[in-house]
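Everything on this sheet refers to the single structure shown next.
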Amino acid sequence: MPTDIDSSTTEYQQAAACQLLVSVRDAREASLALETGIPWIDLKDPSRGALGSPRLEVARQVADALQAHGMLSAALGELVDLEMDHAVQLADNFPILKVGLTNLRNGTRFPEKWKSKLRDLDRQLQAKKASLVPVIYADWQSCNAISPDAVTRIAIDLSSSFVLVDTFFKQGKRLLDHVA
């Protein structure tokens, strides 16, 4: 095994680990993203929150527009408000589904039960050959989300190869304003 690492190999590995993800709201935006060569196209409805889940009809239209595209994902919304049937139906067209973990800290809504709900969601999505991506919110304390460390620990137990780091509040601050 070589002890010297070629700098071009390291750059390639870093580039392979990072890809541009562009979120779209509908089939028109999805087609435009496809035409411009975006490697990862994500569907969400920002009018329904930071990870607003799209209506099923819109999701089907976007999936039809992107039939040949490799990396597709969609937002499920926040775990506390998740409708399991809706999530499972989205998995019919989107192999990667993101879920937020807000309002789960400090005894809100269903503390500790969130882990079993997340695992149950993961199992149901696996049955559809879809991966669940838990979201680490950089502004986690402001939105009462699960801490980044806790999300990372539970993500290891899930079927996904991904976690997403994002901001919950989109009020002019960037991700790097919250984390180094």
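The values are calculated or read from the model by the stated rules, or taken from the named source; none is laboratory data. None of the values given here were measured: they were computed from a predicted structure. Please note: Cβ atoms are built from the backbone with ideal geometry, for glycine as well, and neighbour counts cover all protein chains shown. Protein only, heavy atoms only, side chains kept; ligands, DNA and RNA dropped before computing areas. Shrake-Rupley method; radii C 1.70, N 1.55, O 1.52, S 1.80 Å.
Just one of the listed residues (49, 100) is open to solvent by less than 10 Å² (accessible area, probe 1.4 Å), closer than 17 Å to residue 166 by Cβ and of a type in the set (Gly, Ala, Ser), namely 100.
For the range 147-180, a residue qualifies if it is in contact (Cβ under 8 Å) with a residue 40 or more places away in the chain, of a type in the set (Val, Ile, Thr) and either open to solvent by 70 Å² or more (accessible area, probe 1.4 Å) or closer than 22 Å to residue 124 by Cα (or both), and exactly one does: 151.
Scan the range 121-142 for residues that are part of a loop (DSSP other than H, G, I, E, B) and either touching a residue at least 60 places away in the same chain (Cβ under 8 Å) or open to solvent by 70 Å² or more (accessible area, probe 1.4 Å) (or both) and report the count. Selection size over the range 121-142: 4. Taken as a whole, the condition of being assigned to a helix (DSSP H, G or I) and either aromatic (Phe, Trp, Tyr) or surrounded by 15 or more Cβ atoms within 10 Å (Cβ to Cβ) (or both) applies to residue 58.
Among the residues of the range 34-46, which ones are open to solvent by 60 Å² or more (accessible area, probe 1.4 Å) and of a type in the set (D, E, K, R)?
Once the filter is applied, which keeps residues that are open to solvent by 60 Å² or more (accessible area, probe 1.4 Å) and of a type in the set (D, E, K, R), the range 34-46 yields only 35.
Answer yes or no as to whether residue 75 is part of a helix (DSSP H, G or I), modelled with pLDDT of 95 or more and open to solvent by less than 50 Å² (accessible area, probe 1.4 Å). Considered against the rule, which asks whether it is part of a helix (DSSP H, G or I), modelled with pLDDT of 95 or more and open to solvent by less than 50 Å² (accessible area, probe 1.4 Å), residue 75 comes out as no.
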